[in-house]
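See structure below.
The values are calculated or read from the model by the stated rules, or taken from the named source; none is laboratory data. This one's a predicted model, so the numbers in the text were calculated from it and none came from an experiment. Counting neighbours? That spans all protein chains shown, and the Cβs are built from the backbone with ideal geometry, glycine included.
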Amino acid sequence: MANDRMVANPAPLGLAAFGVTTFLLSSSNAGLWHSVAGSAVMGTALFYGGLVGILVGIMEFMRGDTIGATFFGSFGAFWLSLWYWMSHPAIQAPGALGVFIMCFAVSSFVFWMAVMKRSIHHNLFGFLLTLTLIFLSYGNWAGGHSGALKTGGWLGMITAIVALYIGAKQLINEEYGRDLLM
């Protein structure tokens with residue numbers, strides 16, 4: 001007998017986790033809060049961006065959303081990996097973070113191509129995330145480039161706001177049964 005129970009949409013949770021964690025780290029990269037956000041991002045990267053991202057990826061997989069499963073699973077692992085890297089200074093080789101972020105910039109570009117047809121917001125999100133990661137990769141390369149890092153931080157905050165908007169749009173429109181947010 002088929003399960004008639006409706007399964008909740010996990011994407012708003014995943015977008016909130018990604019958006020909040022990205023905003024915290026990006027605000028630190030942009031030079032805001034005098035590195036307070038950098039300290040705050042540690043637990044957030046581990047639990048909200050990382051573990052919640054992985055769980056949302058699994059739930060998206062169970063719902064049959066391949067893009068959602070791949071995106072949230074991948075970026076959940078991104079946040080867990082970044083948390084581990086930031087927590088273990090002994091493994092921090094010069095340029096390693098730039099290479100790590102570059103690999104995710106390539107993945108982000110693929111995700112952008114995959115979601116381009118979903119909505120203008122998904123398209124904007126994919127573009128901004130890819131651009132953010134390119135700047136952050138260059139900003140963390142070898143000796144580091146503070147201007148690129150700061151630009152990546154500001155782009156990351158905009159990317160986070162777009163992610164939070166998409167999540168809010170899905171949550172609010174689903175709750176009210178009509179398109180209140182476009």
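Would you tally the residues in region 106-130 being crowded, with 20+ Cβ neighbours inside 10 Å and either more than 21 Å from Gly57 (Cβ to Cβ) or among the small types (Gly, Ala, Ser) (or both)? The number of residues fulfilling the criteria is 2. If the condition is being of a type in the set (Ser, Thr, Tyr), crowded, with 21+ Cβ neighbours inside 10 Å and under 19 Å from Ala16 (Cα atoms), then region 131-182 contributes Thr132, Thr159. Looking only at region 125-136, which residues are within 12 Å of Leu155 (Cβ to Cβ) and not aromatic (Phe, Trp, Tyr)? Answer for region 125-136, where residues must be within 12 Å of Leu155 (Cβ to Cβ) and not aromatic (Phe, Trp, Tyr): Leu128, Leu129, Thr130, Leu131, Thr132, Leu133, Ile134, Leu136. When region 87-128 is filtered for residues that are among the hydroxyl-bearing types (Ser, Thr, Tyr) and more than 30 Å from Lys169 (Cα to Cα), only Ser87 remains. Residues that are more than 17 Å from Ile67 (Cα to Cα) and either at pLDDT below 75 or not aliphatic (A, V, I, L, M) (or both) within region 7-19 comprise just one, Gly19. For region 97-104, the count of residues that are out of contact with any Cys (no Cβ under 8 Å at 6 or more places or on another chain) and within 17 Å of Ala11 (Cα to Cα) is zero.
Close Cβ contacts (under 7 Å, 6 or more residues apart or on different chains) running from residues in region 113-124 that are without any contact (Cβ under 8 Å) to a residue 12 or more places away in the chain to residues that are crowded, with 16+ Cβ neighbours inside 10 Å and of a type in the set (Gly, Ala, Ser) comprise Met116/Gly126. Looking at region 1-92, the helices (runs of 4 or more DSSP H) lying wholly inside it that each contain 1 or more residues that are more than 17 Å from Asn140 (Cα to Cα) and polar (S, T, N, Q) sit at 11-29, 36-43, 66-87.
Considering the conditions (1) closer than 17 Å to Gly156 by Cβ; (2) surrounded by 18 or more Cβ atoms within 10 Å (Cβ to Cβ), Pro12 is excluded by exactly one of them, (1).
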